[in-house]
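First up is the structure itself, then whatever we jot down about it.
What follows is calculated from the coordinates using simple rules that are stated; it is not laboratory data. Note that the structure is predicted; figures quoted are calculated from it, not measured. In this analysis, Cβ positions are derived from the backbone assuming ideal geometry, glycine residues included, and neighbour counts consider all displayed protein chains.
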Amino acid sequence: MTGRLHRAVCPGSFDPVTNGHLDIIERAARLFDEVVVAVGVNASKSRLFSADERLEMLTRACAPWENVRIDTFTGLLTEFCVEQEIDAIVKGLRAVSDFDYELQMAQMNSHLAPVETVFMPTSPEWSFVASSLVKEVATFGGDVTGLVPEFVREQLVARLAEGGETR
């Protein structure tokens, strides 16, 4: 890999997609020619939303950005990067504790494939937002308005009203 980085991936489970995720995706879309938002699919992990539901939510949420596409991957992210000719992995960092983990992951990824990791600090207004916290707050009836797109909030509330079964 030489020269300018053209294609990046923003990987995650996105269960559900939050405004923090969308902030990172939007900023990555300004830096790269193409951004692939890659939903990790792991059948052994239970999720609130199915992979198809997460794909649909991301497709709708990312519609404003013409250079963003949504995809899924299983297995190693680095293999997905090689298959898709992706130059960089974009990771949002909320806190110093995120950096410790993500640095090790970045070093392992660069050992496995010719891919760079770009760390992007989360905008301050989203630094506390995580999908797991959003789900926990919503589970106990807390208001998550403004933390996720409104249509995601509606789906989250509806799913939790159904008993919050994982799909």
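Odds and ends about this structure:
- Some residue of the stretch 74-97 being assigned to a helix (DSSP H, G or I), over 17 Å from Gly40 (Cα atoms) and not charged (D, E, K, R): yes
- Asp15 passes every criterion in (1) charged (D, E, K, R); (2) assigned to a loop (DSSP other than H, G, I, E, B); (3) more than 19 Å from Val152 (Cα to Cα); (4) touching a helix residue (DSSP H, G or I) at 6+ places or on another chain (Cβ under 8 Å) apart from (3).
- Residue list for the stretch 23-46, restricted to those being surrounded by 21 or more Cβ atoms within 10 Å (Cβ to Cβ) and part of a loop (DSSP other than H, G, I, E, B): Phe32
- When Glu56 is tested against the conditions (1) closer than 30 Å to Gly163 by Cα; (2) in contact with a Ser or Thr (Cβ under 6 Å, 6 or more places away or on another chain), the lone failure is (2).
- Arg54 outside any helix (DSSP H, G or I) and either in contact with a His (Cβ under 9 Å, 6 or more places away or on another chain) or surrounded by 14 or more Cβ atoms within 10 Å (Cβ to Cβ) (or both): no
- Meets criteria (touching a Leu at 6+ places or on another chain (Cβ under 7 Å), of a type in the set (A, V, I, L, M) and in contact (Cβ under 8 Å) with a residue 60 or more places away in the chain) for Val129: yes
- For the stretch 107-126, the candidate set comprises residues that are among the hydrophobic types (A, V, I, L, M, F, W, C) and either out of contact with any Asp or Glu (no Cβ under 9 Å at 6 or more places or on another chain) or touching a residue at least 60 places away in the same chain (Cβ under 8 Å) (or both); within that set, the residue that is surrounded by the most Cβ atoms within 10 Å (Cβ to Cβ) is Val115.
- Conditions (1) among the polar types (S, T, N, Q); (2) in contact with a Phe, Trp or Tyr (Cβ under 9 Å, 6 or more places away or on another chain); (3) surrounded by fewer than 14 Cβ atoms within 10 Å (Cβ to Cβ); number of the one not met by Thr145: (2)
- Residues located in the stretch 58-73, provided they are part of a helix (DSSP H, G or I) and of a type in the set (Gly, Ala, Ser): Ala61
- Tally, over the stretch 1-22, of residues that are buried (at least 19 other Cβ atoms within 10 Å of the Cβ) and either over 21 Å from Ala130 (Cα atoms) or of a type in the set (A, V, I, L, M, F, W, C) (or both): 6
- Within the stretch 132-161, restricting attention to residues that are free of Cβ contacts under 8 Å to residues at least 60 places away in the same chain and part of a loop (DSSP other than H, G, I, E, B), the residue that is nearest to the chain's Cα centre (by Cα) is Val144.
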